[in-house]
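The values are calculated or read from the model by the stated rules, or taken from the named source; none is laboratory data. Computed from a predicted model, the values in this text were never measured in an experiment. Cβ sites come from the backbone with ideal geometry, for glycine too, and all protein chains shown count toward neighbours. The area values use the complete protein model at the heavy-atom level, side chains included, leaving out ligands, DNA and RNA. Shrake-Rupley method; radii C 1.70, N 1.55, O 1.52, S 1.80 Å.
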Amino acid sequence: MEEEEFEPLIIAFCCNWCSYAGADLAGVSRFQYPPNIRVIRTMCSGMVHPNLVMDALTKGADGIIICGCHIGDCHYLEGNVVTEKRAEAIELMLEDFGLEPERFRLEWVSASEGDKFARVMNEMVETIKALGPSPYKMG
Amino acid sequence: MVDKVGAVLVVGGGIAGMQASLDLADSGYKVYLLDKSPNIGGAMSQLDKTFPTNDCAMCIMAPKLVETGRHHNIELLTGASLEAVQGSPGNFLVTIKKTARKVDETKCTGCGLCTNFCPVEVPDEYNVGLVTRKAIYVKYPQAVPAVVSIDLEHCIGCGICEGQCEAEAIIYDQEEHMMDIEVGSIVVAPGFDLFDLARKPQYGYGVYPNVLSSLELERMLSATGPHAGMVLRPSDGEVPRNIAFIQCVGSRDKQIGNTYCSSVCCMFSIKEAIIAKEHTPGLEAHIFFMDMRAYGKEFDAYYSRAEEEHGIRFTRGNRISSVEEDPVTHNLFMTYVDGADLKTEEFDIVVLSVGTEAPVDTDKLKQVLGIDLNAHSFCETNIFDPLSTSEPGIYVCGAFSSPKDIPDSVAQASGAAAMASSHISTERNKLVEIREFPPEKDISDEDSRIGAFICHCGINIGGVVDVPAVVEYAKTLPNVVYAEDNVYTCSQDTQSKIVETIKEHNLNRVIVASCTPRTHAPLFMNTIRDGGLNPYLFEMANIREHCSWVHSKEPEKATQKAKDLVRMAVAKAALLEPIPPIKISIAKSALIIGGGIAGMTAALGIADQGFDAYLVEKKDELGGMTRRIHFALSGEDVQARMNELIDKVKSNERVHVYTKAKIKDIEGFIGSFMTTLEHEGEEKQIRHGVVLVATGGIELKPDEYLYGEDPRVVTQLEYEDMLTNGGLKEGTKSVAMIQCVGSRKEERPYCSRICCTETIKNALKTKEMMPDANVYVFHRDMRTYGFRENYYREAAEKGVVFVRYYPENPPKLTVNDGKLELTAKDPFLDEEIVVSPDVVMLAVATLPNADNEDLSTFLKIPLTKDKFFLEAHMKLRPVDFATEGVFLCGLAHSPKFVEECLAQANAAVSRATTILAQEELELEATKSCVIDAKCDGCAYCVDPCPYDAITLIEYMSDGAVKKTVDVDETACKGCGVCQATCPKEGIFVRGFTLDQINAMIEAALEVT
Ligand code: FES
């Protein structure tokens, strides 16, 4: 039997003001990317608790990406600065959990960067496909 | 002194009329919206997509349609005409004739049963006659009001519909009747009509079946069109292999009298070519045109993409003389010039890019309203007063004053609303009702009962995603008690349907799977409020922007993803809780940044509405870029008008001017901003409710064509100064003007919009002052859109020489023997042209203000790639930012003419007034909330809070001192940094709690 190609499941947290709008613009511009991404809208990237990321990964998400406004552009002044610091903490946790660092990514995508959103998502899917399924994946 | 009336009549229910009505109604005025058609929506309702974003026209318009239809302060007068107007500004008595719809609007449910049974077939105007409708009909599926009407011209009176109508809404004996209304002002927005293609018989329209008008093609491209979005040849129903567009049919044409440019057709054709290619695999599209007028914001980028990414062919410099047909195959032949060659090509379909004209009833409007029309029967206006007709108290907006696109029409509409209300502002809130929602249902003891509404969005979603399958799937999800699909979930009838369904199925939460919540959530939140639910018991799944549009080639996977997204939304919805509203009082004043003509006009507008305006200018005098413009194309003395404006601003008590002032900081939010200014060596604090950004632009200092090296090379504004102040040397024999210097190139891809016309203006002035001088204009496309085209023609007639150049081969300027020498290659004659000008004028780019970046940070408002400000929506919210309470106008938005800046300035006033007119404002209720039982007072969240909204407090519990934190709800903006910092899960943001997000994650990970 031929093995089915691995289709990763990636969760993208997008802040409402820049990155979610960037994702919308990717749609409006019809920039195509693979259907492996599930966007969860948050008000700010700084809203994403590190536990959410780790929980998702240990429950079987193959990759997580947090997208926020570029530094200086956060709708809430410095929410994304906090995000950046947390990302470092998350990276350390990945190691403890025995997960490859590539399974987590932080990206700044502005409201006018529909092309970047699509590009980043394409890259992320490729990276995770190369890595294979999350070791925590059940079944 | 007449008694003023706090009501306004808006004539025309297209996008401009609707926008004007909504602004007025939201600002506390009663509005009568009159339309001759049985349903509002105008020309935009017929569009499939809009340029330059390819947004689906109906999708972006539907929320406005619905809002207009159900606004408690707007009374729709459809099927009505204006018969007489008496009185004066502030108090007009208007007589209106309402034709007999023969249907009781209050009873008809729009179910459409009657149309199924009506035996009479009539060509359907909405689909330009490509299909038929019945004699009892509704104009289009999403029409507002969603009621049928009988077309008396075709009704045979058989009575079948009456028998079928369960609502007993048909009234055969209804007669037309007259009614009188009293209003304080009138806004006219009757739109436009299309040029009659029969007047150009050489193209065979109406004779050769495969010659289509651009509107016919538009309807074909639409999901609600004759072939559900397919382009098919009318002669044989075959899929075409290629399609040609002929531009300027009925425009720029002296022979037929329409000498003006219709302004929108170039972009319209590009859009249609792109969409037609998307809908028709393998289709080749070829556009034949004279000049490509892609002058608006982001238009040139769209044009480039059409050529480079979509492979559309563009052949410039062509006015096609005729179309021939092979009578057997019905294929079409056209001869055109390509460079220096003449070619003939065969096409399956030829599209005539039809020009626009003044509306057919323009003469009646003139007669009833007494307004002046211009030579082309459009409404006459002045560049300094672009929204006023010749009659005081009567204002104009949209395509009636000149052909224009949607964003310009919408900006004008808001602007006209501000003008119309400015002189009746004392009557605000006198004739209106406050919108009441039904009392909120208490759902605290109920289990989640979710209703799911899944949208086809025409074919935008339904063309890729199997929507019925998603509905069936939704029905199987926990807590979902109801699911259905809708062609357009945002249409007005679906809103009523949602309200009914909430009651019928006792729903206590609703999800809609359609487009982005960023534009559509407010509409649905209001709808469920009408159904007695707290607006926050609502969640959206974005299966369009994040699914069907980005996975358009993978329908199965897209369907699976749509199901996943619905499952995630349902999982979150099940955990949603009602959020109590937070109300704040509003500071009744505006901060206006930038003292150019846009800023000054905005300041006066705000003052006229009865609010305080703080006008901040960094230079030591007001006027901005206009200080350097001396005369207008139509001859007016710009300096005199600007000085008048400055005087008015300075003498108005409500306008507080700060020149040489610097903004140090802006804090706060809609209704309550606090700005720190540095002014005359002191710091000053200003509290204000809204911000208007009018930072203007600057002229580029070029680094090419010897500018700065040779004093004979000057910029456009410098040349204008020379013309006015005698800087031009006696005996100047030859002037060369070079277009697009610094614009439309890699580092600055946008068109600066004004430079072509400014060049014409200067060329004409030069000819007037020195009739013997030779004037050469080297250009890529002359973009003199609208009536500006008439001046281009005049310049050509007066002997100004126009030479086209291509960007790969720009003119070369050298100094030879002390003389300037300009060499260019004429692409049509394929020969070199050499001139020796005494002066070279460079039509340079307009740059964004360098301060934009700072302001963008202060106010959290985005910039485009070109560093102009990015508005909330390119088409329908041209002067709003996504950030509430902040607006923009003038060159801060993009390069534009004086009249366009003034229209936008008034538009920004109107938008701001919708906020300032309210007594209190309901704030976004997404705020942080503490669970005292979980919070142990560690205070980790206090520091990271960007708004200092959290304080540590102590309280007594069971006789012991405990610590917790307290959130100031007006300071909190709901970013959730606290929630993500808390180690105890003791603080959360309503609507985005950890549980809710977790539920979404778990739902996403569920394998189905
Ligand atoms: S709002 Fe986008 S990162 Fe904060």
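Close Cβ contacts (under 6 Å, 6 or more residues apart or on different chains) running from residues in the range B:23-40 that are farther than 19 Å from B:ALA146 by Cβ to residues that are acidic (Asp, Glu) and open to solvent by 30 Å² or more (accessible area, probe 1.4 Å) comprise B:TYR32/B:GLU75. You will find that of B:LEU576, B:LEU591, the residue that is more than 30 Å from the chain's Cα centre (by Cα), away from every other protein chain (no Cβ under 13 Å) and open to solvent by less than 10 Å² (accessible area, probe 1.4 Å) is B:LEU576 and no other. Looking across the range B:952-1008, just one residue is without any contact (Cβ under 8 Å) to a residue 40 or more places away in the chain, within 18 Å of A:ASP55 (Cα to Cα) and within 16 Å of the ligand (Cβ to nearest atom), and that is B:ALA980. On inspection, A:LYS85 does not qualify as within 7 Å of chain B (Cβ to nearest Cβ) and not hydrophobic (A, V, I, L, M, F, W, C).
Here's the yes/no breakdown for (1) outside any helix (DSSP H, G or I); (2) touching a Leu at 6+ places or on another chain (Cβ under 9 Å); (3) without any contact (Cβ under 8 Å) to a residue 60 or more places away in the chain:
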{"position": "B:HIS286", "(1), (2), (3)": "yes, no, no"}
{"position": "B:SER304", "(1), (2), (3)": "no, no, no"}
{"position": "B:GLY311", "(1), (2), (3)": "yes, no, yes"}
{"position": "B:VAL337", "(1), (2), (3)": "yes, no, no"}
{"position": "B:SER353", "(1), (2), (3)": "yes, no, no"}
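Identification of strands (runs of 3 or more DSSP E) wholly contained in the range B:738-857 with 2 or more residues that are of a type in the set (A, V, I, L, M) and open to solvent by less than 50 Å² (accessible area, probe 1.4 Å) yields B:774-779, B:819-826, B:831-835, B:839-844. Within the range B:538-558, one or more residues are free of Cβ contacts under 8 Å to residues at least 12 places away in the same chain, of a type outside the set (D, E, K, R), over 30 Å from B:THR914 (Cα atoms) and open to solvent by less than 20 Å² (accessible area, probe 1.4 Å).
Checking each residue in the range B:45-82 for being of a type in the set (A, V, I, L, M, F, W, C), open to solvent by less than 20 Å² (accessible area, probe 1.4 Å) and at pLDDT 95 or above picks out B:ILE74, B:LEU77, B:ALA80, B:LEU82.
From the list B:VAL85, B:VAL94, the lone residue that is closer than 17 Å to B:GLY393 by Cβ and open to solvent by 10 Å² or more (accessible area, probe 1.4 Å) is B:VAL85.
Counting the residues of the range A:50-80 that are on the phi > 0 side of the Ramachandran plot and of a type in the set (A, V, I, L, M) gives 1.
Of the strands (runs of 3 or more DSSP E) entirely within the range B:870-958, those holding at least 3 residues that are out of contact with any Lys or Arg (no Cβ under 8 Å at 6 or more places or on another chain) occupy B:950-957. Can you confirm whether the range A:7-22 contains a residue that is part of a helix (DSSP H, G or I), open to solvent by 40 Å² or more (accessible area, probe 1.4 Å) and away from the ligand (no atom under 16 Å from the Cβ)? No, the conditions are met nowhere in the range A:7-22.
Before we move on, is B:GLU153 under 26 Å from the mean Cα position of the chain (by Cα) and among the charged types (D, E, K, R)? No, not satisfied. Report, by residue number, each residue of the range B:930-970 that is within 14 Å of chain A (Cβ to nearest Cβ) and buried (at least 17 other Cβ atoms within 10 Å of the Cβ). Scanning the range B:930-970 gives B:CYS941, B:PRO944, B:CYS945, B:PRO946, B:TYR947, B:ALA949, B:ILE950. Give me a count of the residues in the range B:971-992 that are more than 8 Å from chain A (Cβ to nearest Cβ) and aromatic (Phe, Trp, Tyr). Residues that pass the stated criteria total 1.
Only strands (runs of 3 or more DSSP E) wholly contained in the range B:165-218 count here; list those with 3 or more residues that are touching a helix residue (DSSP H, G or I) at 6+ places or on another chain (Cβ under 9 Å), closer than 19 Å to B:GLY13 by Cα and open to solvent by less than 50 Å² (accessible area, probe 1.4 Å). Those strands (runs of 3 or more DSSP E) span B:185-188.
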